[in-house]
């Protein structure tokens with residue numbers, strides 16, 4: 001079964017257009033009321049005295065093509081079925097609907113179906129008396145710079161440049177000239193880690209788990225070559241190396257296009273990877289990274305390069321009505337501002353307390369030794385890293401012993417709080433940092449630790465009985481308040497930790513775990529506290 005958000009594949013394009021027109025990004029758009037099978041998106045208010053700029057093609061490349069309809073870009077977009085050219089009647093309807101005396105320019109990607117259908121529609125419109133120009137974009141360099149070159153993401157740059165000149169009132173001849181000039185000079189190349197699912201229910205990825213594909217098409221067709229999967233920087237080097245052989249000398253504009261299923265985090269990493277290449281030194285302007293011409297759910301990206309000529313930059317910088325156009329910005333080094341000076345981790349001079357140092361080191365060693373046991377416990381309740389968090393924090397503290405003020409409880413707790421805040425991960429590290437920082441405001445151990453527990457409760461949100469490390473810490477510190485020994489303190493902590501086996505989780509990741517999964521499982525944070533205090537108490 002195909003697990004996707006759709007009612008039926010044959011209704012998806014029409015329903016998606018309706019959704020776009022009802023969205024906050026489609027308030028300026030309308031659809032042509034021309035019956036089933038004709039999906040044309042156009043500006044609500046078409047300027048009658050401007051050249052109309054029309055493009056389109058198969059769906060599945062969103063936001064191309066309908067997402068780029070608006071003042072300053074396309075006048076209309078003709079949307080075919082997924083990865084299929086729109087029909088001749090749909091294209092002709094679009095031409096007639098938006099073309100006035102100034103004429104229209106059709107921008108067509110170099111695929112056979114698009115060339116034929118847009119070409120026939122253009123001829124029919126001319127026969128009806130309309131002024132129609134047509135250009136074919138073949139920016140993909142994967143198969144060589146020849147008549148076979150496919151039209152991919154670079155086509156969107158042509159939309160923007162043509163739309164800019166049309167919006168300024170240029171003639172059809174002038175708009176066509178600028179679009180053709182850009183089309184001759186734009187170069188694109190894509191790379192993907194997967195192909196895409198075209199809703200046929202029988203999807204099979206042609207790429208193995210250790211393969212990538214260089215020079216693929218935006219319809220899921222095979223690329224120029226399969227290459228070994230590698231680090232992002234190595235893959236980027238392959239893409240840029242091919243592009244450098246196809247572009248002219250001089251400064252460049254780069255458009256970084258995501259192919260559909262690349263999360264924003266990785267998209268930004270892709271931009272950072274491009275910045276490490278030699279080509280980045282010649283890149284003066286950047287567009288994206290953004291999904292501009294996608295390929296359904298393909299995990300991949302493409303780069304499009306255009307010479308940074310003043311006329312192109314001016315056209316690409318002009319405002320547009322479409323919110324899907326990501327804009328263009330200069331491509332300088334990463335900007336930085338001076339960092340504020342933070343309090344030093346160790347603000348008090350180091351001092352010794354042999355008994356305390358011995359006991360603390362014993363507790364830290366216990367946490368380091370418990371890494372795997374605590375990870376295994378946490379794996380039943382959360383993400384399985386509690387043991388690593390406690391062990392790493394213990395190692396950090398151990399390494400800082402020569403710099404710690406052991407003779408002063410308040411200074412020691414404050415230093416440990418700052419140390420964990422800066423170097424320990426996870427919520428456990430943060431909570432212990434809060435506890436120790438608050439404890440550092442009291443000169444004596446017991447009032448300080450009590451103050452620390454109160455702060456941990458306030459900021460962490462957990463209470464006693466919520467199945468957290470508090471259920472071991474709380475009875476241990478209460479025991480000390482009542483004058484108990486270290487041995488009694490550790491026994492209280494152990495009793496509290498063991499009691500978590502029967503508790504319902506009220507905080508932390510375990511609160512999201514079904515109750516049956518918690519049965520007979522001790523809380524890993526409470527277990528860590530119990531093991532730490534047992535080792536502290538046992539050391540004479």
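Among the criteria (1) under 25 Å from residue 445 (Cα atoms); (2) surrounded by fewer than 19 Cβ atoms within 10 Å (Cβ to Cβ); (3) at pLDDT 95 or above; (4) touching a strand residue (DSSP E or B) at 6+ places or on another chain (Cβ under 9 Å), the one residue 348 does not fulfil is (3).
Among the conditions (1) buried (at least 24 other Cβ atoms within 10 Å of the Cβ); (2) not in a strand (DSSP E or B), residue 101 misses just one, which is (1).
Here is a check on your reading of the model: is residue 91 touching a residue at least 60 places away in the same chain (Cβ under 8 Å) and either within 31 Å of the chain's Cα centre (by Cα) or surrounded by 22 or more Cβ atoms within 10 Å (Cβ to Cβ) (or both)? Considered against the rule, which asks whether it is touching a residue at least 60 places away in the same chain (Cβ under 8 Å) and either within 31 Å of the chain's Cα centre (by Cα) or surrounded by 22 or more Cβ atoms within 10 Å (Cβ to Cβ) (or both), residue 91 comes out as no. Of the helices (runs of 4 or more DSSP H) lying entirely inside segment 387-483, those containing at least 3 residues that are farther than 19 Å from residue 533 by Cα are 409-423, 426-439, 445-460.
Selection of helices (runs of 4 or more DSSP H) fully inside segment 281-385 by the criterion of at least 1 residues being under 27 Å from residue 150 (Cα atoms) returns 310-317.
If you check residue 64 against the conditions, is it without any contact (Cβ under 8 Å) to a residue 60 or more places away in the chain, surrounded by 14 or more Cβ atoms within 10 Å (Cβ to Cβ) and in contact with a strand residue (DSSP E or B) (Cβ under 9 Å, 6 or more places away or on another chain)?
Considered against the rule, which asks whether it is without any contact (Cβ under 8 Å) to a residue 60 or more places away in the chain, surrounded by 14 or more Cβ atoms within 10 Å (Cβ to Cβ) and in contact with a strand residue (DSSP E or B) (Cβ under 9 Å, 6 or more places away or on another chain), residue 64 comes out as no.
Number of residues in segment 240-284 that are under 20 Å from residue 142 (Cα atoms), free of Cβ contacts under 8 Å to residues at least 24 places away in the same chain and under 13 Å from the mean Cα position of the chain (by Cα) equals 0.
Within segment 29-42, can you find the residues that are free of Cβ contacts under 8 Å to residues at least 60 places away in the same chain and under 22 Å from residue 72 (Cβ atoms)?
Hits for segment 29-42 are 29, 30, 31, 40, 41, 42.
On the basis of being closer than 25 Å to residue 485 by Cα and assigned by TED's automatic domain parsing to the domain that holds residue 359, does residue 415 make the cut? In short, no. Across segment 65-108, the number of residues qualifying as at positive phi and at pLDDT 95 or above comes to 3.
Condition check: under 28 Å from residue 59 (Cα atoms), more than 13 Å from the chain's Cα centre (by Cα) and without any contact (Cβ under 8 Å) to a residue 60 or more places away in the chain. Does residue 317 satisfy that? So residue 317 passes the test.
Do you know which residues across segment 162-196 are under 30 Å from residue 234 (Cα atoms) and either in contact with a helix residue (DSSP H, G or I) (Cβ under 7 Å, 6 or more places away or on another chain) or surrounded by 20 or more Cβ atoms within 10 Å (Cβ to Cβ) (or both)?
182, 183, 186, 187, 188, 189, 190, 191, 192, 194, 195, 196
Do we have residue 267 as assigned to a helix (DSSP H, G or I), farther than 24 Å from residue 183 by Cβ and in contact with a helix residue (DSSP H, G or I) (Cβ under 9 Å, 6 or more places away or on another chain) here? No; evaluated as a whole, the condition is false for this residue.
The values are calculated or read from the model by the stated rules, or taken from the named source; none is laboratory data. Quick caveat, the model's predicted, so the values are computed rather than measured. Note that we place each Cβ from the backbone using ideal geometry, even for glycine, and neighbour counts take in every protein chain shown.
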